[in-house]
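The next block holds one structure in the form of structure tokens; read it before the comments.
Laboratory data are not the source of any read-out in this text; all were calculated from the coordinates shown. Predicted model, so just to flag it, every value in this text is computed and none were measured. Glycine also receives a Cβ, built like all others from the backbone with ideal geometry; neighbour counts cover every protein chain displayed.
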Amino acid sequence: MSGQESNKLRVNLNPISLEADLAYFGARLELVGEPETSYQAAQLKVYKALEAALEENLKRLRKKESRAKAKKEKSKD
């Protein structure tokens, strides 16, 4: 494996793992509630940002999968 290949980050995104991650961050947000410390406020901000990023990735992944499914069904006809 070349140095260039070893530096590439490979991520296998699937809807189930993203939904699990969203559930995790949703639970963490509930546990934090109203932040009492600056640490909790920062934690809340990070969780909300991660949740938004995961939701966007899940949306794109579902759109991509639906296009692939439609293309596959169209090719069967």
Percent breakdown of C-alpha pair distances by 10 Å bin, ordered from the shortest bin, for the stretch 3-76: 17, 32, 26, 18, 6, 1
Calculated FRET value between LEU31 and SER75, using beta carbons and R₀ = 35 Å, to 0.05: 0.15
Residues TYR47, TYR24, TYR39 arranged by fewest to most Cβ contacts within 10 Å: TYR39, TYR24, TYR47
Label-point separation in nm, ASN14 to GLU56, each point 7 Å along Cα→Cβ: 2.5
